[in-house]
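The values are calculated or read from the model by the stated rules, or taken from the named source; none is laboratory data. Given the structure is predicted, the values throughout are model-derived calculations rather than measurements. Here the Cβ positions follow ideal geometry from the backbone for every residue, glycine too, while neighbour counts run over all protein chains shown. Areas reflect the complete protein model, heavy atoms only, side chains present, ligands, DNA and RNA absent. Shrake-Rupley method; radii C 1.70, N 1.55, O 1.52, S 1.80 Å.
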Amino acid sequence: MSYKTIDGKMHAKVIKKEIQNRVVSLKECGWIPRLVSITVGCPPPVCIYVDNQRRACEQVGIEFENRSYPDDVSQLELLAAIQVCNVDPRVTGVILQRPVPRQLNLSQLQNAIHPSKDVEGMNAKNIGNIVYGDYTLGPCTSLASVYLLRSTGLSLQGLEVVVVGHSEIVGKPIALLLVEELATVTICHHGTRNLSMHTRRADALFVAVGKPGLITGDMIKPDAAIIDIGINQIEEITPDGVHHTRIVGDVDMGTACDVAGWITPVPGGVGPVTVAMLLKNTVIALEKQKLRYEDAMR
Ligand code: NAP
């Protein structure tokens, strides 16, 4: 077992320290960062995300408020709630927590958040800017995943990268960010014919599917960097018959650790850095709002 752990908690701490200093500078000039979270119902994972975000915001001096709506809220009511945030100058960032109930059109809601307050980087304008090489307000998980790969010191130019999973929020933006860095990128999804043929030639492998054990050691190139984004809750029974749940990624650690060069643990890898990127985006959004205001006043 010679792999190195990519310590997300440690990297998140470093990012938060930098954010804390930027928050102090903004507050000194009277600009108060305030993140409003919008939740619909409160499925257990969402409550955990919101608590984590609240705690992280408090650590760096960002004000945090959660506005919750019932499961049966209509699209129009939520669009109106988002509009209230868009026009309120005291609200400097907005995040819509997922999942939302099926009756709601998620992408319409995400696009209703004004691009200047879209700290999750999911408005088409912000996500589209990645194509132009501007990822100042990019999607948090993809920024976090690429940050962690960069932390290994591997040169991204010419690197063979495979991304498993092509969701709008994770897989696709990761691929675009890496192409920007001149990596050679392959994207795999459920239409991919022979997944292991691709994963075995990856110098860096990103996995964002949500299937525990999808990637096993025999699918990994020796010394590859593995960025495991998946979060899965599994049920286990101890030898003495006790049931308990555990959080694991999409990579089978038991076999992967004998082959890989670097691995992000789950939990403690991409998750904490994703939250740190949300804080960073919140500060970037406010810094841009301040600049625009100062330009307009000139
Ligand atoms: P998602 O929208 O469900 O996307 C999953 C992707 O996996 C889809 O592109 C799907 O392709 C692909 N896929 C499904 N089965 C596959 C297979 N057998 N082989 C290859 N690809 C397959 O999920 P997501 O929002 O991207 O999240 C993915 C995972 O990351 C989840 O476990 C989620 O909890 C986790 N996550 C973690 C963080 C974090 O901060 N650590 C943040 C966000 C998400 P098709 O659409 O073609 O079926």
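Within the range 8-32, list the residues whose amide N lies under 12 Å from a label point set 7 Å along Cα→Cβ of V87. Within reach of a label on V87: no residues. With the convex hull of its Cα atoms as the shape, the range 1-62 has an orientation-averaged projected area of 6.1 nm².
Per the Cα gyration tensor, the range 218-298 maps to an equivalent ellipsoid with semi-axes of 41, 19, 7 Å, ordered largest to smallest. With contacts taken as Cα pairs under 8 Å at a separation of at least 6 residues, the range 134-239 carries a relative contact order of 26 percent. Per 5 Å bin, what percent of the C-alpha pairs of the chain does each bin hold, from zero upward? Bin by bin from 0 Å, the calculated values are 1, 5, 11, 15, 17, 16, 13, 10, 6, 3, 1, 0, 0, 0, 0. Restriction of the trypsin sites (Lys or Arg not before Pro) in the range 184-267 to DSSP coil positions whose beta-carbon has at most 14 other beta-carbons within 10 angstrom yields R193, R201. Could you check how much of the accessible area of the chain is carbon and sulfur, as a whole percent, using a 1.4 Å probe? That share works out to 55 percent. Derived scalar couplings between HN and Hα for the range 203-210 equal 6, 9, 10, 9, 10, 9, 10, x Hz in order, rounded to whole Hz, by the Karplus curve 6.51 cos²θ - 1.76 cosθ + 1.60 (θ = phi - 60°), x for Gly and Pro.
Protein-only accessible surface at a 1.4 angstrom probe places the residues E58, E120 in the order E58, E120, largest first. The candidates R22, R150, arranged from most to least accessible area with a 1.4 Å probe in the full protein assembly, appear as R150, R22. Among the helices of the chain, none built from whole DSSP H runs has Cα atoms reaching 24 Å or more along its own axis together with a mean Kyte-Doolittle hydropathy of at least 1.6. Would you list, by chain and number, the aspartates and glutamates whose Cα falls below 16 Å from the Cα of K4, excluding same-chain residues fewer than 8 positions away? Hits, sequence-local ones excluded: D203, D223, D228, D252, D258. Taking 7 Å steps out from each Cα toward its Cβ at H244 and S2 produces label points 3.3 nm apart. Placing K16, K221 in order of accessible area, with the largest value first and a 1.4 Å probe, yields K221, K16.
Pairs over the 23 Å Cα-Cα cut-off, from the set K221/K280; K16/K221; K13/K221; K9/K288; K172/K211: K221/K280; K16/K221; K13/K221; K9/K288.
Short-range pairs are left out: with C-alpha atoms under 8 Å and at least six residues apart, the relative contact order of the chain is 23 percent. For the range 266-296, backbone nitrogen atoms closer than 17 Å to the point 7 Å from D134 Cα along Cα-to-C-beta are found at 281-282, 284-296. The residues packed around L176, meaning those with a beta-carbon under 15 Å from its beta-carbon, carry a net charge of -2 if Lys and Arg are +1 and Asp and Glu are -1. Annotation: the antiparallel percentage among DSSP beta bridges lying fully within the range 176-277 is about 45. Comparing mean-square fluctuations of P99, P33, P139 from a GNM of the chain with C-alpha springs under 10 Å, the top value falls on P99. Here K125 is the anchor, and the aspartates and glutamates within straight C-alpha reach of less than 19 Å, apart from those fewer than 8 places off in the same chain, are D134, E168, E180, E287.
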